[in-house]
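This report concerns only the one structure given below.
The values are calculated or read from the model by the stated rules, or taken from the named source; none is laboratory data. Only a predicted model underlies this, so the values are computations on that prediction, with no experimental measurement involved. Virtual Cβ from ideal backbone geometry, glycine too; neighbours counted across all protein chains shown. Only protein heavy atoms, including side chains, enter the accessible area calculation; ligands, DNA and RNA are left aside. Shrake-Rupley method; radii C 1.70, N 1.55, O 1.52, S 1.80 Å.
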Amino acid sequence: MASPAVSPDSSSHEAPSSHNSAPGCSPTSDTENLSPDELELLAKLEEQNRLLEADSKSMRSMNGSRRNSGSSLVSSSSASSNLSHLEEDTWILWGRIVNEWDEWRKKKEKLLKELIRKGIPHHFRAIVWQLLCSATDMPVKNQYSELLKMSSPCEKLIRRDIARTYPEHEFFKGQDSLGQEVLFNVMKAYSLVDREVGYCQGSAFIVGLLLMQMPEEEAFCVFVRLMQEYRLRELFKPSMAELGLCIYQFEYMLQEQLPELNIHFRSQSFLTSMYASSWFLTLFLTTFPLPVATRVFDIFMYEVGPYGVGHWGPYGMGHWGPHWV
């Protein structure tokens with residue numbers, strides 16, 4: 001059974017930001033390989049973004065003073081109009097990126113990085129994530145239905161933890177919900193293809209996020225790529241040696257960058273593993289609000305992957321952190 005793509009937060013969209021809310025091109029972007037039409041489209045997106053930001057500030061001012069005047073209605077109408085145009089332009093741009101993916105990856109890499117940092121539109125996330133990790137045509141996808149017919153030694157453990165994964169999210173609520181069913185399927189299938197790792201609770205949050213974007217077969221393929229090519233499986237091995245290395249490297253960075261905070265933590269016996277383990281095991285999915293965590297995941301998929309500027313290599317976060325932030 002394939003699961004529908006659902007919004008990470010059905011009650012809200014990604015948090016708007018003057019820096020991140022819309023695709024565009026800053027003066028420092030690499031635009032030398034763009035056609036005149038693409039340059040014009042990017043300029044239009046930037047202009048729409050500025051107008052939308054101005055209208056948003058106006059609306060906040062109106063709401064703060066609790067006025068219901070005609071001017072607030074005009075501002076609301078203007079904001080809606082600008083948003084409509086912006087969404088249309090964004091759709092055109094990302095549709096072009098997906099259709100010309102190889103060219104963008106090879107010739108417009110800096111611009112693609114900038115657009116991804118501004119946020120991948122929800123309707124394009126599923127296909128873009130699959131393209132980023134080269135999961136669109138994997139032989140293991142053909143094995144998925146057969147894996148579900150097999151028995152896994154991890155099944156009881158997976159069943160126990162399913163209800164703890166995004167318990168407040170509508171898609172995963174209820175023992176017989178579609179979300180819990182497909183989450184169990186993907187976790188069980190992976191436990192069979194990687195018996196050394198089997199199942200680890202933190203990984204379910206990553207799979208859960210994938211299932212909010214795409215059907216379970218595609219989510220399974222992306223998760224396999226994340227575990228193998230992005231080397232996340234190193235974090236989930238029984239020894240968790242890689243997690244220990246990440247914690248050690250993070251402690252060194254904390255000591256170097258925030259020495260006073262580090263001294264305070266030590267004086268209170270506040271161990272790094274007490275708060276940072278879940279950061280690495282769930283990629284911040286249990287730390288930030290889901291719309292924010294999804295944006296973090298956009299960047300992770302591009303910049304930490306096998307074709308990104310950093311990677312989760314054999315030296316752990318040392319290859320991730322400095323390039324990624």
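Shape of region 181-301 from its Cα gyration tensor (a ≥ b ≥ c, root eigenvalues): rounded if a/c is under 1.5, otherwise prolate when a/b > b/c, or oblate? Walk me through the intermediate numbers first.
Details: a/c = 2.57, a/b = 1.81, b/c = 1.42.
The shape class here is prolate.
What is the gain in length, in nm to one decimal, between V98 and Y252 on full extension, counting 0.36 nm per residue of separation less the C-alpha to C-alpha distance?
Values: separation 154, 0.36 × 154 = 55.44 nm, distance 3.98 nm.
Result: 51.5 nm gained on full extension.
Can you tally the net charge around Y302? Count Lys and Arg as +1, Asp and Glu as -1, for every other residue whose Cβ sits under 11 Å from the Cβ of Y302. Intermediate values should be presented prior to the final figure.
Numbers: positive: R105, K113, R117; negative: E109, E114, D298, E303.
Here the count lands on -1.
Could you tell me whether region 128-226 comes out rounded, prolate or oblate from its Cα gyration tensor? Rule is a ≥ b ≥ c as square roots of the eigenvalues, rounded for a/c under 1.5, then prolate if a/b exceeds b/c, otherwise oblate. Don't jump to the answer; show the numbers that get you there.
Values: a/c = 1.73, a/b = 1.19, b/c = 1.45.
Oblate shape, in that a/c is at least 1.5 and b/c is the bigger or equal ratio.
Classify region 92-154 from the C-alpha gyration tensor, please: rounded if a/c falls under 1.5, else prolate or oblate depending on whether a/b exceeds b/c. Before the final figure, lay out each step's value.
Values: a/c = 3.04, a/b = 2.50, b/c = 1.21.
Here region 92-154 falls in the prolate category.
At R0 = 35 Å, how high is the FRET efficiency between V193 and K173 if r is their beta carbon distance? Nearest 0.05 is fine.
Working: r = 29 Å, r/R0 = 0.82.
Result of the calculation: an efficiency of 0.75.
Counting only heavy atoms of the protein chains, get the accessible area per residue of region 152-254 (1.4 Å probe) and round it to a whole Å² value. If you can, show how the numbers build up before the last one.
Numbers: 4130 Å² over 103 residues.
For region 152-254, the solvent-accessible area averages 40 Å² per residue.
Take the residue pairs K173/K237; K113/K141; K141/K237; K113/K188; K106/K141; K149/K237 and return only those whose Cα atoms are more than 31 Å apart. Before the final figure, lay out the partial values.
Working: K173/K237 29 Å; K113/K141 28 Å; K141/K237 23 Å; K113/K188 34 Å; K106/K141 27 Å; K149/K237 25 Å.
Where the Cα-Cα span goes over 31 Å, the pairs concerned are K113/K188.
Around R159, what is the net charge, scoring Lys/Arg as +1 and Asp/Glu as -1 over all other residues with Cβ under 14 Å from its Cβ? Mind dumping the intermediate values first?
Details: positive: K156, R160, R164, K188; negative: E155, D161, D176, E181.
Net charge around R159: 0.
Run the simple label-point estimate for S269 and K237 please: 7 Å along Cα→C-beta, distance reported in nm.
3.2
Hey, if you drop one equal point scatterer on each alpha-carbon of region 230-310 and run the Debye formula without solvent, what base-10 log of I(q)/I(0) do you get at q = 0.11, 0.23 Å⁻¹?
Treating every Cα as an identical point scatterer, log10 I(q)/I(0) equals -0.36, -1.21.
Using the Cα centre of region 230-290 as origin and beta-carbon charges of +1 (Lys, Arg) and -1 (Asp, Glu), tell me which of Q268, T282, Y248 is placed farthest towards the positive end of the dipole.
T282
Kindly state, to the nearest 0.05, the FRET efficiency for F284 paired with R160, given R0 = 30 Å and r defined as their beta-carbon distance.
Computed FRET efficiency for F284 and R160: 0.80.
Rounded to the nearest 0.05, what FRET efficiency do V292 and Q143 have when you use their Cβ-Cβ distance and R0 = 41 Å?
The calculated FRET efficiency here is 0.75.
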